Amino acid sequence: MVLPGLFIIVGSLSGPVCTEPQWQRYTPEDARFEISMPAEPKFSLQYIDTGKNMLPLNMVSANPDMRDDFLVSWTDYSKAAKMPTASDRTFDKMRDALAQQKNAQVLSERSVTLRGNPGRFFTMRTEDGQVADVVFYFTRSRVYQVMAQTRCGDESKQSRERFIESFKLTSDT
């Protein structure tokens, strides 16, 4: 009788168990992209004050086990709000700001494209050991950030890759 109780205690002390997420397709109302989310997607909208106007920051996120974060955010630029140029300098600033915000070290990075749209992919590690894969893309009127941040080992790497690779543009505007 003591052994089953001991097993429960030992099992609970062994650390978090990383499970395979339940993937589902997500497409926003404007249908300009699609992505596979590892849990029920949650949409939110914030506004960024640029000093000249308010820019909408749309976000959809999923947290399959309350430890991992999967996020797509996008900002639409109108004629009133000048869109930044997709230059190395802009990508560097975006990368550095995110790494500083997360107190993370950039491990690797490379330039990428998606349907002819320029992007930058990088991997970073936070002080507490989380690993994040991030990609920024610029289209004609929108900037995307796709990010998967996880805590577990190889299983999480597969989930990060699946998430990032599932991002597809359905319109280049």
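Structure summary
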quantity: Subset tally (residues that are in a loop (DSSP other than H, G, I, E, B) and over 14 Å from the mean Cα position of the chain (by Cα)) for segment 22-38; calculated: 8
quantity: Residue that is nearest to R142 (Cα to Cα), among those in segment 43-63 that are part of a strand (DSSP E or B), under 13 Å from the mean Cα position of the chain (by Cα) and not small (G, A, S); calculated: N58
quantity: Which listed residue, of M66, M83, is part of a loop (DSSP other than H, G, I, E, B) and touching a residue at least 60 places away in the same chain (Cβ under 8 Å); calculated: M83
quantity: Which numbered condition K157 misses (of (1) among the charged types (D, E, K, R); (2) within 23 Å of D30 (Cα to Cα); (3) within 17 Å of the chain's Cα centre (by Cα)); calculated: (2)
quantity: Unique residue being buried (at least 17 other Cβ atoms within 10 Å of the Cβ) and either acidic (D, E) or at pLDDT below 95 (or both) when the list is K102, K82; calculated: K102
quantity: Which numbered condition P64 fails, given (1) buried (at least 17 other Cβ atoms within 10 Å of the Cβ); (2) at pLDDT 90 or above; (3) out of contact with any strand residue (DSSP E or B) (no Cβ under 6 Å at 6 or more places or on another chain); (4) not hydrophobic (A, V, I, L, M, F, W, C); calculated: (2)
quantity: M94 of a type outside the set (S, T, N, Q), over 19 Å from Y26 (Cα atoms) and surrounded by fewer than 16 Cβ atoms within 10 Å (Cβ to Cβ); calculated: no
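Conditions tested, residue by residue: (1) under 14 Å from the mean Cα position of the chain (by Cα); (2) under 28 Å from Q22 (Cα atoms).
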position	(1), (2)
D65	no, yes
W74	yes, yes
A86	no, no
T90	no, no
L107	no, no
P118	no, no
F121	yes, yes
G129	no, yes
Y144	yes, yes
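The values are calculated or read from the model by the stated rules, or taken from the named source; none is laboratory data. All figures in this text were calculated on a predicted structure; none of them were measured in a lab. In this analysis, Cβ positions are derived from the backbone assuming ideal geometry, glycine residues included, and neighbour counts consider all displayed protein chains.
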